[in-house]
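Note sheet for the following structure.
The values are calculated or read from the model by the stated rules, or taken from the named source; none is laboratory data. Since the model is a prediction, treat every value here as computed from it, not as a measurement. Heads up, the Cβs are rebuilt from the backbone with ideal geometry, glycines too, and the neighbour counts pull from every protein chain shown. Side chains are part of the model used for accessible areas, which takes the heavy atoms of the whole protein and leaves out ligands, DNA and RNA. Shrake-Rupley method; radii C 1.70, N 1.55, O 1.52, S 1.80 Å.
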Amino acid sequence: MATLFSQEFVTLLTPIFIFIFVFVGIYALLTKVKWFGDKSTFNLIIAFATAMLIFFVPETHVVIASFTPWVGLLSMLLVFIFVFLLFLGIKEKTLQEAVGGGTFAFWMILIIVILFLVALTKAYGPFLMVNGNPGFWNSVKRVVFHPKTLGALFMLTIAAYTVRYIGSHE
């Protein structure tokens, strides 16, 4: 029995939704940032051209279709956490100060970049996978993704935040 939300119908409409999503997103970004002044026609042309380029590359459909639900879920989770904290009695000003700092923005950008890399691996395969093959990029991946390197980066990050915290509270 065919329904309105059958898999074939949704698969057919996915490129159209991606086109609309990219077109509206790019147009909103260009209108907000005003790189080209108040020329809305120019912003429309750039947004349309970008959306058409993305529309004709099937790999970008996979990246966008797997990336956007996770970002939406992350946004909903943050809203629920903030509402829960407000319900517990934490003042709005305290939450604004916590979110307004650079640490929160850093972690959100880091999470979004990780989600984007996961979406890229879904579309283009495991391009970050470390293997023993010779070559420059394989050697770089072996060094960067070695457990000792990642552990050292983690320890340096903890040390930097510790020094920053101790230095700001004395």
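Points worth noting:
- Candidates Thr50, Thr41: the one that is in contact (Cβ under 8 Å) with a residue 12 or more places away in the chain and either in a helix (DSSP H, G or I) or of a type in the set (Phe, Trp, Tyr) (or both) is Thr50.
- Residues satisfying the stated conditions in the stretch 1-36, i.e. assigned to a loop (DSSP other than H, G, I, E, B) and either closer than 20 Å to Phe67 by Cα or open to solvent by 70 Å² or more (accessible area, probe 1.4 Å) (or both): Met1, Ala2, Thr3, Leu4, Phe5, Lys34, Trp35, Phe36
- Yes/no for Thr94 being part of a helix (DSSP H, G or I), out of contact with any Lys or Arg (no Cβ under 6 Å at 6 or more places or on another chain), at pLDDT below 85 and of a type in the set (Ser, Thr, Tyr): no
- Flag for Ile64 being closer than 30 Å to Tyr165 by Cα, out of contact with any Leu (no Cβ under 9 Å at 6 or more places or on another chain) and of a type in the set (A, V, I, L, M): no
- Note on the stretch 37-91: among residues that are within 22 Å of the chain's Cα centre (by Cα) and of a type in the set (Ser, Thr, Tyr), the one that is least open to solvent (accessible area, probe 1.4 Å) is Ser66.
- From Thr157, Thr103, residue being among the polar types (S, T, N, Q), modelled with pLDDT under 85, in a helix (DSSP H, G or I) and open to solvent by less than 60 Å² (accessible area, probe 1.4 Å): Thr103
- Restricted to the stretch 115-146, and to residues there that are among the β-branched types (Val, Ile, Thr) and open to solvent by 70 Å² or more (accessible area, probe 1.4 Å), the residue that is farthest from the chain's Cα centre (by Cα) is Val143.
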